[in-house]
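Okay, so here's the structure we're looking at.
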Amino acid sequence: MDKESLKQELFKTIDSLKDKVIKVRRDIHQHPELSGQEVRTKYLVKGILEIEGYEIKEFEDHNGLVADLVVDEKKPFVAIRADMDALPIEEKTGKPYASQVKGVMHACGHDAHTAIAVGAAIAFAGAKEKLPGNIRFIFQPAEEINEGGSEELIRDGALENVKAIFGLHVYPYLMTGQIGYKYGVMMASADIFTVEVFGKSAHGARPHEGVDAILTAAMCVNSLNHIISRRIDPLHPAVISLGTIEGGTAPNIICDHVKLTGTVRTVNEQIRKKIPAMMEDSIKGITHSMGAKYKFDYEFGQPELINDDKMVDILVQEAQKILGKENVIDLKDPVMGGEDFSRYLQIVPGAFFRLGVCNPQKHTCVSQHNPKFDIDEDALPIGMKVLSAVALEVMNNEK
């Protein structure tokens, strides 16, 4: 069977699987699990794919799952990755399939990513005897935390004998029926930092006898926000954001300890490497001038997500056949959000794309990480088709 006929057969199967994939997505949505806790989701996926004939690999120290469909042991794999974890958000959609776990919600769409991968896996299993190569599905835990579950899966061999990898993310800023792509840097690196300021406690009426950690911390916050505007080339986007500030015990006591935490995002690795030293210079100068001490911790997280040009070419080509040129959108500019799919792309070529899920009639245009976030489930077969077509095209490419 030629590759175009095989694609059409896969698409026909995918269309027939829509209701099943929606059911899987809603099941996962109703039972969300936080990063590192994705046990139920893992075993739901495992149960489905074992029946379909996949070779399943589990791991002792994390909830990742690798499912292989082997056609020829001499050939490499094309990999498709889906993340599985949810967020600590109380859902407010009012949908009948809303989260049943208090304070936890799939507010980023990982339930959809997992369901799409499951559906594509079932479709490939049905065409196993006709496939030109091997397919691997990587179900990843802990995408939402800075360490990132991708690192653990890579360490445990998820990319062994993989020639290319693809992934997607639902996107409420594109309409259902559209996808978005980007050559080169698509998403920012995502680092976190902690600053602790140590002062000296005193009575609020006698501040000269103490060292005010709150005032010192406030000056540090102000200074850190000036790094981007005055020390970074404005042609290289970067963000320093403070997310938390903790300190003080009473209104009439000079505070002796303040803790700040935040995130740094860049789309240029050279700039990324310079920022920690710039931050510490500012903190050190201010705390010294105020008679305080400090502790500064900086944790490098996910690197920039950099797509492979050749893989994006294939993605665009296949998506245009499925959706039409007008619905395959060049996103042009990177976004400052982070995504640990970037770690896979440091090792093997691949591409990451955005799947439109916005439908105003269904109220699915709400941003991610929002308690009212939901997706248009008509997008699920589109995600399956694009991923399947791209994977099949790469399988057919012997280079």
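The values are calculated or read from the model by the stated rules, or taken from the named source; none is laboratory data. Everything numeric in this text was worked out from a predicted model, so none of it was measured. Virtual Cβ from ideal backbone geometry, glycine too; neighbours counted across all protein chains shown.
Below, the figures for the structure above:
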quantity: Identity of the residue in region 300-344, assigned to a helix (DSSP H, G or I) and in contact with a Gly (Cβ under 7 Å, 6 or more places away or on another chain), that ends up farthest from E4 (Cα to Cα); calculated: R343
quantity: Subset of region 228-282 [among the basic types (K, R) and in a strand (DSSP E or B)]; calculated: K259, R265
quantity: Qualifying residue in region 318-334 (condition: buried (at least 19 other Cβ atoms within 10 Å of the Cβ), within 17 Å of the chain's Cα centre (by Cα) and modelled with pLDDT of 95 or more); calculated: no
quantity: Residues of region 197-227 satisfying the condition of being in a strand (DSSP E or B), in contact with a helix residue (DSSP H, G or I) (Cβ under 6 Å, 6 or more places away or on another chain) and surrounded by fewer than 19 Cβ atoms within 10 Å (Cβ to Cβ); calculated: A202
quantity: Within region 175-185, considering residues that are in contact with a helix residue (DSSP H, G or I) (Cβ under 9 Å, 6 or more places away or on another chain) and in a strand (DSSP E or B), the one farthest from D313 (Cα to Cα); calculated: M175
quantity: E160 vs. criteria free of Cβ contacts under 8 Å to residues at least 60 places away in the same chain, over 23 Å from I22 (Cβ atoms) and not in a helix (DSSP H, G or I); calculated: yes
quantity: Which numbered condition I232 misses (of (1) modelled with pLDDT of 95 or more; (2) within 20 Å of A188 (Cα to Cα)); calculated: (1)
quantity: Some residue of region 348-355 being β-branched (V, I, T) and in a loop (DSSP other than H, G, I, E, B); calculated: yes
quantity: For I347: the one exception among (1) buried (at least 17 other Cβ atoms within 10 Å of the Cβ); (2) touching a Leu at 6+ places or on another chain (Cβ under 9 Å); calculated: (1)
quantity: Matching helices (runs of 4 or more DSSP H) fully within region 1-58 where at least 1 residues are modelled with pLDDT of 95 or more, in contact with a Phe, Trp or Tyr (Cβ under 7 Å, 6 or more places away or on another chain) and among the β-branched types (V, I, T); calculated: 39-51
quantity: Subset tally (residues that are part of a loop (DSSP other than H, G, I, E, B) and either basic (K, R) or surrounded by 20 or more Cβ atoms within 10 Å (Cβ to Cβ) (or both)) for region 76-111; calculated: 12
quantity: V390 in a helix (DSSP H, G or I), in contact with a Lys or Arg (Cβ under 9 Å, 6 or more places away or on another chain), buried (at least 18 other Cβ atoms within 10 Å of the Cβ) and among the aliphatic types (A, V, I, L, M); calculated: no
quantity: Residues satisfying the stated conditions in region 129-157, i.e. among the charged types (D, E, K, R), assigned to a helix (DSSP H, G or I) and within 18 Å of the chain's Cα centre (by Cα); calculated: E151, E152
quantity: Only listed residue being acidic (D, E), surrounded by fewer than 19 Cβ atoms within 10 Å (Cβ to Cβ) and in contact (Cβ under 8 Å) with a residue 40 or more places away in the chain, chosen from D374, D313, D378, D340; calculated: D378
quantity: Condition check for D111: out of contact with any Asp or Glu (no Cβ under 8 Å at 6 or more places or on another chain), touching a residue at least 24 places away in the same chain (Cβ under 8 Å) and either under 23 Å from G338 (Cα atoms) or not polar (S, T, N, Q) (or both); calculated: yes
quantity: Given (1) over 24 Å from the mean Cα position of the chain (by Cα); (2) under 20 Å from E393 (Cα atoms), number of the condition I80 does not satisfy; calculated: (1)
quantity: Residue under evaluation D297, criteria (1) part of a strand (DSSP E or B); (2) over 24 Å from I275 (Cα atoms), criterion not met; calculated: (2)
